[in-house]
1. Grab the Cα-Cα distance for Phe52 and Lys31, subtract it from 0.36 nm times how many residues apart they are, and report the gain in nm with one decimal.
2. Using alpha-carbon pairs under 8 Å, 6+ residues apart, how would you state the relative contact order of the chain in percent?
3. For Glu88 and Asn110, compute 0.36 nm times the residue count separating them, minus their Cα-Cα distance, and round to one decimal in nm.
4. Could you tell me which of Phe80, Ala44, Val63 has its Cα farthest along the dipole of the range 1-120 towards the positive end, charges placed at Cβ (Lys, Arg +1; Asp, Glu -1), taken about the Cα centre?
5. So how much slack lies between Thr165 and Phe198, counting 0.36 nm per residue of separation and subtracting their Cα-Cα distance, in nm?
6. If you keep only loop residues by DSSP, which trypsin sites (Lys or Arg not before Pro) in the range 96-167 have at most 15 other Cβ atoms within 10 Å of their Cβ?
7. Please list the radius of gyration and Dmax for the range 1-69, considering alpha-carbon atoms only, with Å as the unit.
8. Loop-only trypsin sites (Lys or Arg not before Pro) in the range 12-41, please: DSSP not H, G, I, E or B, and at most 13 other Cβ atoms within 10 Å.
Amino acid sequence: MKYVLDVHVHTISSGHAYSTVMDYVREAKLKGLELMGLSDHGPAMPGAANIFHIGNQRVIPSVIEGVHVLKGVEANVIDFDGGIDIHERYLKELDFVIASIHDVCIQPGNEEENTRMMIQTMKNQPLVDIIGHSGNPKVPINLKEFVMAAAEYDKIIEINNSSFTNISRSGSTERCQEIACYAKDFGVKVIAGSDSHFHTALGVLDTAQQVIEKAGIEDQYVMNLSAEKFIADLRNRRGL
Ligand SMILES: [Zn+2]
Ligand SMILES: [Zn+2]
C-alpha cells in the first residue's frame, strides 16, 4: 500500500537544511502525497530557529495547493528526566510533536541511562506524539523496554528512512528492524519518516516501509497509510 504522508521534514529554518516550505509542498504534490508535516529542529539544536519561529506556524495555511500541511517540531530531549526544549504552551499550539535525542544537544549516557531518558520523555511529555530515530547506535537503549513503554504511553515510534543510509546514524538498520519487530509484538503504532533536509527526499520512505512490512505490522498500526487516520490519531491523543 502507498504511504501518503511524511511528517519528518526540515526546512531552511533548521539551519542545516536547504529547502523552503513551498519547495516541499510542490514536491508533495508531485509525488502524490496527501499530507506533509513541518518538523524543524527545536531551538537547542545549533543553528536552529528560535522559539517564535516554531510558535508562529499558524500563519501557514493548513492546506496549500491541495496538500495538507501540519505544523510541528522535532523537539530535542535535553535532560535525563525527559525534558525537551519547547515549552508546553508552544507544544499545545502545534499539530504534532516529534521528540528525538541528538548527541549535539545532550551527551548520551550508558544504555540504562538512555533507556530511562527515553521512557521519562514518553511518560512526562503528554504532548509528544512521535519518538524520532530511536535505533541510533550512538544512543544505545534497551529496545524492548523502550517499545513496551511506547505501548504504555501510547507514543508512535518513527522508523526513520535516513537511518538506513550512510548519511546519518549509520549502523541503525538492525536496531530499526528489531524495534519494528517489538512494535508488532506489543501493538505499538509506527510511522515512517524521511528526515528530509532537502525537498527531493520528501516521501522517500521505501526502506522504512520494507522494514515495517517485513516485521508484519498490521495496517491499523501504520500511520502513513491515511492522512485522515493520522489526523484523527493526533486529535484523539490531544483530546480534541
Ligand atoms: Zn537535522
Ligand atoms: Zn533528528
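Please treat every number below as a calculation from the coordinates, not as lab data. Remember, predicted model here, so these are calculated numbers, not experimental data. When we count neighbours, we look across all protein chains shown, and the Cβ atoms used for this are built from the backbone with ideal geometry, even at glycine.
1. On the way: separation 21, 0.36 × 21 = 7.56 nm, distance 3.08 nm.
Additional length available on full extension: 4.5 nm.
2. Working: 508 pairs, mean separation 49.3, N = 240.
The value is 21 percent.
3. Numbers: separation 22, 0.36 × 22 = 7.92 nm, distance 2.82 nm.
Taking 0.36 nm per residue and subtracting the Cα distance, the gain is 5.1 nm.
4. Val63
5. 10.4 nm is the gain from fully extending Thr165 to Phe198.
6. Working: sites: Arg116, Lys123, Lys138, Lys144, Lys155; in loops: Lys138, Lys155.
Within the range 96-167, the qualifying trypsin sites (Lys or Arg not before Pro) (loop, at most 15 other Cβ atoms within 10 Å) are Lys138.
7. When restricted to Cα atoms, the range 1-69 yields Rg and Dmax of 12.4, 38 Å.
8. Values: sites: Arg26, Lys29, Lys31; in loops: Lys31.
Answer by residue number: there is no such site.
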